[in-house]
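Got a structure for you, questions after.
The values are calculated or read from the model by the stated rules, or taken from the named source; none is laboratory data. Source: prediction; values computed, not measured. Reconstructed Cβ throughout: ideal geometry from the backbone, glycine too, with neighbour counts over all protein chains shown. To get the accessible areas, we keep the full protein, side chains included, count just its heavy atoms, and leave off ligands, DNA and RNA. Shrake-Rupley method; radii C 1.70, N 1.55, O 1.52, S 1.80 Å.
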Amino acid sequence: MSEVIQVKKENNIAYITMNRPDKLNALSVELSAQLNRAIREADEDPEVKVIILSGAGRAFCAGGDIGTFQKVNSVADMLKYMTEVVEIQKTIKSAKKYVISAVHGYAAGAGFSVALASDFIVAHQEAKFAISFNNIGLIPDLGLVKNLSEVVPPQVAKEWISSARSISAEEGYQRGFVNRIAENDVIEEATEFTQFIISGPPIANQFVKYLVNHATELTNETFTMQENTVQALLFQTLDHKEGVRAFFEKRKPEFKGE
């Protein structure tokens, strides 16, 4: 794997860093493909319990790669590029493990979409989330409209998109899509944030992620059926039995994902 993506694994955390700092980590085809691969590999690694995604240099991700756009000569080529890049949000959402975006500088356009696709966002206090497509006569792409509409009311989403404005980390926190604000190092803050995940029950968390991500797609009846089935399964896990023992022994449970 070349240096456009860097991966470090430590203390049950996979740190995945987009590493095109000179391009503000713009999503080239190469970066997108390698990012998808890195997330999938971390998701399958039994030593990894959570993934932290970040960007090198001055920004989290500036969105689509203008250099790539200039080389596109047909609709077919543009669709090929967009298909590769949009796969990132699918990879994050379909991962069994939680993905945290540690955002500093700008998360712009598709970079904002990548952050919103994550399960949690930890943002530096000076971070900005930008939606500037309207300035060039386009609509947000790569899932940004859908992802944004799932975290703020439709009236707010329409205002933000049509005014092409930037949203501060503080406003993101107030609106509920930023989980925590870092005053200093955002990676350190994100690492601290992971502790409830690392010490938690991996199998239960996997199903929490799945059920929350699909809650709006299912009828109440279908959702209840899935919920009951999952709960019946979890009752049979060793993690559940350990949790019950720990409760009566008045100690913290030690979950093993079994």
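For the range 143-205 and the range 4-31, write down the distance between their C-alpha centroids in whole Å.
19 Å
Counting Lys and Arg as +1 and Asp and Glu as -1, what is the net charge of the other residues whose Cβ lies under 15 Å from the Cβ of Pro140?
Details: positive: Lys146, Lys158, Arg165; negative: Asp141, Glu150, Glu159.
Cβ neighbours under 15 Å give a net charge of 0.
Rounded to the nearest 0.05, what FRET efficiency do Ile198 and Glu3 have when you use their Cβ-Cβ distance and R0 = 41 Å?
0.90
Within the range 228-258, list the chymotrypsin sites (Phe, Trp or Tyr not before Pro) lying in a DSSP loop whose Cβ has at most 11 other Cβ atoms in a 10 Å radius.
Values: sites: Phe235, Phe247, Phe248, Phe255; in loops: Phe235, Phe255.
Those satisfying the criteria are Phe235.
Mind checking the full-extension length gain between Asp185 and Tyr173? Use 0.36 nm per residue of separation minus the Cα-Cα distance, one decimal, nm.
Stretched fully, the Asp185-Tyr173 segment lengthens by 2.6 nm.
Skip the ligands, DNA and RNA, and give the accessible area per residue of the chain with a 1.4 Å probe, whole Å².
Heavy-atom SASA per residue in the chain reads 54 Å².
Straight-line reach from Lys250: which aspartates and glutamates fall under 20 Å, measuring Cα to Cα and dropping same-chain residues less than 8 apart?
Those aspartates and glutamates meeting the cut-off are Asp239, Glu242.
Sticking with this one: I'd like the per residue volume of the convex hull spanned by the Cα atoms of the chain, given in cubic angstrom. List each step's numbers first, then the result.
Numbers: hull volume 37.7 nm³, N = 258.
Given the Cα convex hull of the chain, per-residue volume reads 146 Å³.
Per residue of the chain, what 222 nm ellipticity follows from adding -39500 (n - 2.57) for every DSSP H run with n ≥ 4, rounded to the nearest 500?
-14000 deg cm²/dmol, from helical runs alone.
Using amide H atoms built in the peptide plane, which far-off residues or other-chain residues are under 5 Å from Ile5 H to H?
Residues meeting the amide H criterion: Asn19.
Quick one: Karplus J couplings for the range 17-22, per residue in order, coefficients 6.51, -1.76, 1.60, θ = phi - 60°, nearest Hz, x for Gly and Pro?
Using θ = phi - 60°, the values come out as 10, 6, 10, 10, x, 5 Hz.
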